[in-house]
Amino acid sequence: RSTAQLVLQRTSSLAGYDARQLLRVATLQQKAGDLDGAVWSLQKAMEGEPDFVPARIRLGEALAALGRMEKAELVAAGLRRDFPQEPFGHHLLGTISEKQGDHATALQHYQAALARKGDSPILALRVYESMRLVAGDEAALTFLSNWVGVHPGDAIARQALGEANFRAGRWAEARTLFEQALAEAPDSPLVLNNLALLLL
């Protein structure tokens, strides 16, 4: 791992200010456990291409993971300023609040992000998980059920809804959702496992 970190630091230097290459390097640096190196690469990426949103988002996440919350919040504020109609800034602020243990504020930001991109299953699941912590399982299950009702074709959210119903003891609803998922992905070990547990 230490050798990988050194090689990736050199790679980051050789990448110059190519934002896309630096984002790839930063991703590998995170996997190698070098968050500080990833932050350095992502800051270079932003210098090379300030409007390259994926690098800005990843930078905010890396800073939050390092506990540098004020700097992460500055990245989020910049995203909200530059892209007010997009979910990026609120999503990042939700992640920051979550890491700080402030689940109520995280929920508000995730809801604001979802309001800007209502068809995102990832944001819907972030709202659901935060709502479980803030308002309880029943309110969260109602939210997710309503969202899946509007987006019935989303397999990720349907699988999560099946698991939520399973936890709540709603066997029939969970079985229906798991069997739908199995029809679409008959070789999925996750779906097969969930259905087997339910049948047991």
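The values are calculated or read from the model by the stated rules, or taken from the named source; none is laboratory data. These figures come from a predicted structure and were not determined experimentally. Neighbour counts are summed over all protein chains in view; Cβ atoms, including those assigned to glycine, are modelled from backbone coordinates with ideal geometry. What goes into the accessible areas is simple: the full protein's heavy atoms, side chains included, and nothing from ligands, DNA or RNA. Shrake-Rupley method; radii C 1.70, N 1.55, O 1.52, S 1.80 Å.
Filter the stretch 26-44 down to residues that are of a type in the set (Phe, Trp, Tyr) and under 18 Å from the mean Cα position of the chain (by Cα), then give me how many there are. Steps first, please.
First, the residues of the stretch 26-44 that are of a type in the set (Phe, Trp, Tyr): 40.
Now narrow it down to the ones that are under 18 Å from the mean Cα position of the chain (by Cα): none.
Here the count works out to 0.
Taking Gln30 as the residue in question, decide whether it is of a type in the set (S, T, N, Q), in a helix (DSSP H, G or I) and more than 26 Å from Leu125 (Cβ to Cβ). Walk me through it before giving the result.
On the way: of a type in the set (S, T, N, Q): yes; in a helix (DSSP H, G or I): yes; more than 26 Å from Leu125 (Cβ to Cβ): no.
Taking the combined requirement at face value, the residue does not satisfy it.
I'd like to check something: does the stretch 131-139 contain any residue that is of a type in the set (A, V, I, L, M, F, W, C), open to solvent by less than 80 Å² (accessible area, probe 1.4 Å), more than 19 Å from the chain's Cα centre (by Cα) and under 30 Å from Glu70 (Cβ atoms)?
Step one: list which residues in the stretch 131-139 are of a type in the set (A, V, I, L, M, F, W, C), which gives 131, 133-135, 139.
Of the ones still in play, those that are also open to solvent by less than 80 Å² (accessible area, probe 1.4 Å) are 131, 134-135, 139.
Filter once more, keeping what is more than 19 Å from the chain's Cα centre (by Cα): 135, 139.
Adding the requirement that they be under 30 Å from Glu70 (Cβ atoms) leaves 135.
The answer is yes; a qualifying residue exists.
Considering (1) closer than 22 Å to Asn146 by Cα; (2) open to solvent by 80 Å² or more (accessible area, probe 1.4 Å), say which one Ser120 fails and leave the rest.
For Ser120, the exception is condition (2).
Check Asp154 against each of (1) within 18 Å of the chain's Cα centre (by Cα); (2) at pLDDT 90 or above and name the one condition it does not meet.
Among (1) within 18 Å of the chain's Cα centre (by Cα); (2) at pLDDT 90 or above, the lone unmet condition for Asp154 is (2).
Which of the numbered conditions does Asp51 fail, given that it passes all the others? Conditions: (1) in contact with an Asp or Glu (Cβ under 8 Å, 6 or more places away or on another chain); (2) assigned to a helix (DSSP H, G or I).
Asp51 satisfies all of (1) in contact with an Asp or Glu (Cβ under 8 Å, 6 or more places away or on another chain); (2) assigned to a helix (DSSP H, G or I) except (2).
Which of the residues belonging to the stretch 143-173 are open to solvent by 50 Å² or more (accessible area, probe 1.4 Å) and of a type in the set (Gly, Ala, Ser)?
Ser145, Gly149, Gly153, Ala155, Ala168, Ala172
Does Gln108 satisfy being modelled with pLDDT of 95 or more, open to solvent by 30 Å² or more (accessible area, probe 1.4 Å) and under 16 Å from the mean Cα position of the chain (by Cα)? Before the answer, list the steps.
On the way: modelled with pLDDT of 95 or more: yes; open to solvent by 30 Å² or more (accessible area, probe 1.4 Å): yes; under 16 Å from the mean Cα position of the chain (by Cα): yes.
Against the criterion (modelled with pLDDT of 95 or more, open to solvent by 30 Å² or more (accessible area, probe 1.4 Å) and under 16 Å from the mean Cα position of the chain (by Cα)), Gln108 qualifies.
Scan the stretch 54-68 for residues that are surrounded by fewer than 16 Cβ atoms within 10 Å (Cβ to Cβ) and assigned to a helix (DSSP H, G or I) and report the count.
Residues that pass the stated criteria total 2.
Checking the condition within 22 Å of Thr95 (Cβ to Cβ), among the charged types (D, E, K, R) and open to solvent by less than 50 Å² (accessible area, probe 1.4 Å), which residue from Asp34, Asp82 passes? Step through it out loud before you land on a result.
Values: Asp82 fails: open to solvent by less than 50 Å² (accessible area, probe 1.4 Å).
None of the other options fit; the residue is Asp34.
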